[in-house]
Amino acid sequence: MAILEVEHICKSFNHTEILKDISFSLEKGQVLSIIGSSGSGKTTLLRCLNFLEHPDRGVIRVNGETLLDTENPSTWQESSIRKKRLHFGLVFQSFNLFPQYTALENVMLAKELLAKEQPDYKKRKKEIHEEIRVHAQELLRQMGLENRMGNYPHQLSGGQCQRVAIARALALQPDILCFDEPTSALDPELTGEVLKVIRELADKNTTMIIVTHEMSFARDVASEVIFMDDGYILEQGDPHQVFEHPKEERTRQFLSHFTQG
Amino acid sequence: MEQIMEQMPIVLHSLNIGFLQTLKLFFVTLLGALPLGLLISFGSMSRFRPLGIFSKLVVGIVRGTPLMIQLLIIFYFPGLVLHNPIWGSGEAGRFTAASVSFILNYACYFSEIYRGGIQSVPIGQEEAGLVLGMTKTQIFFRVKLLQMIKRIVPPMSNEIITLVKDTSLARIIALQEIIWAGQAFMKGSQGISGQIWPLFFTAVYYLIFNGILTVLLSRLEKKLDYFR
Ligand SMILES: Nc1ncnc2c1ncn2[C@@H]1O[C@H](COP(=O)(O)OP(=O)(O)O)[C@@H](O)[C@H]1O
Ligand SMILES: [Mg+2]
């Protein structure tokens, strides 16, 4: 069974349709890359999956559970949305780390707040915090940041910040981790270190959706590629097919910008 | 000179009592206006239109008129117009009326500073919190509040220093703060009259107190320098 099923997502801003009937599904452990020119709706799609935008139409299911169905108003109650978000993680283009917390604290904060809702929190308080800390340290080590845990975001490079942000998203163990152009805000020499950790996550069968302009990276790491154009999914397939033998003229045009430029 | 040294203990005693009243008004105003200002700023940012408009109207009126007039209206209006002198006639009543006026006035100024501070925190901070399953309340207190405080400390410091000096306006409803105490020696009080130096001497109190505040506030600013 697919871990994620998205059906007929539509979204307009001020009467302009940005997403026009988006449907796709994703298997557990797979990596989906979304490519497409600027303004085609990639960010809006990720924001809909993370409940930062409310789609006008459509269904989102994770592990067979219907998280959102615009036909069924009981699925968009404000109170339940917070928990539904936890199925997804989102790594932003601009990191959005919390500046007043160290790298380690950034990774721990949300988990600590969630732990307070556990019924046994009062009894096991110390233990729980210790578990969260150990897990956060492990994640930062995995991101190659064992020497940076006590640093504040402004003391870190862009690449280091983005790796903290990835650890922060992983700390909540989302079913699906989304990346919105994770390297677009970075100096070219720093993109490699971020792509490397994402690749390692793919090797560990982390289910991911990655919006990116790094075409060779997308081809390497993805099990499935979607090409979005003007709010539609114009082409979808395995990376070999989409990159080497695109069916659509638009896809070919788009890709040619990257091979020549 | 000799005469001043003789009068000094009497004058200082009077000024100390007056300054105590000044300090009381200052701290009561801060204690009331800091939280009330936050409420008003939430009001003026509210998506519920009537509340937004009402808050902005109140802030506009309060900031657009002199504090002196607000003091006079709040003190005299209930008694003279409504024939219901809620403040009473004693020093305690005058202090309450002055506190109410100052809290309302400063809360409005603070609310604009808070609003600027809250709106200057990038939207991405809130979104990052939401995506991590945090509640709006958690995001406000654990993510946005400290960033907001860092941004509002400098403008807030200015307002607070101004407040120290503005307390002297309460003299207009005969609140016996330090200027009132100093001036009493011009008309005559405790066997001293026709003396203007006690009034000038009140400046020393303001200078020392504002000096202490400035040091404390800039320390707070430095403390928040650890992040950007
Ligand atoms: N909150 C919004 N309000 C109005 N228009 C928006 C909003 N968010 C995105 N858009 C518009 O939607 C279109 C698609 O944006 P986006 O999803 O960011 O595309 P992409 O990430 O593919 O570059 C753009 O034209 C953008 O201006
Ligand atoms: Mg985008």
Show the residues, 5+ positions off or on another chain, whose built amide H is closer than 5 Å to the amide H of A:Phe179. A:Val91, A:Ile209, A:Ile210, A:Val211
Among beta bridges assigned by DSSP with both residues in the range A:4-260, the antiparallel ones amount in percent, to the nearest 5, to 55 percent
Within the set A:Lys116/B:Lys223; A:Lys125/B:Lys223; A:Lys116/B:Lys144; A:Lys11/B:Lys136, which residue pairs have Cα atoms separated by over 27 Å? A:Lys116/B:Lys223; A:Lys125/B:Lys223
Expressed as a whole number of Å, what is the distance separating the alpha-carbon centroids of the range B:193-228 and the range A:120-141? 46 Å
Rounded to a whole number, what % of the accessible area of the protein assembly as shown do carbon and sulfur atoms account for, probe 1.4 Å? 58 percent
Expressed as a whole number, the average count of other chain Cβ atoms within 10 Å around the Cβ atoms of A:226-232 is 0
Using +1 at the Cβ of each Lys and Arg and -1 at the Cβ of each Asp and Glu in the range B:78-192, identify which of B:Tyr106, B:Asn84, B:Pro122 lies farthest towards the dipole's positive end. B:Pro122
Farthest positive-ward along the range A:153-261 dipole, Cα basis, beta-carbon charges - from A:Thr251, A:Gly237, A:Pro153: A:Pro153
Magnitude of the charge dipole, chain B, Cβ model with Lys/Arg +1 and Asp/Glu -1, debye to 20: 860 debye
Per residue of A:94-103, other chain Cβ atoms within 10 Å number on average 6
Which value in deg cm²/dmol, rounded to the nearest 500, describes the helix-derived mean residue ellipticity at 222 nm for the protein assembly as shown, given -39,500 (n - 2.57) per DSSP H run of n ≥ 4 and division by the residue count? -19000 deg cm²/dmol
Student exercise, the range A:4-260 dipole from Lys, Arg, Asp, Glu Cβ charges, in Debye to nearest 20: 1020 debye
Taking the Cα centre of the protein assembly as shown as origin, work out the dipole magnitude from +1 charges on Lys and Arg Cβ and -1 charges on Asp and Glu Cβ, in debye rounded to 20. 1800 debye
Inter-centroid distance (Cα atoms) of the range B:111-132 relative to the range B:1-59, Å: 28 Å
Those helices of chain B passing the 27 Å axial Cα length cut-off and the mean Kyte-Doolittle cut-off of 1.0 (DSSP H runs only) are B:2-44
Report the Cα centroid-to-centroid distance between the range A:210-253 and the range A:1-69 in angstrom, as an integer. 17 Å
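The values are calculated or read from the model by the stated rules, or taken from the named source; none is laboratory data. Predicted, not measured: the structure shown is a model, and the values here were computed from it. Quick reminder, even Gly has a Cβ in these numbers, built from the backbone with ideal geometry, and neighbours come from all protein chains shown. All accessible areas refer to the heavy atoms of the entire protein, side chains included, with ligands and DNA or RNA removed. Shrake-Rupley method; radii C 1.70, N 1.55, O 1.52, S 1.80 Å.
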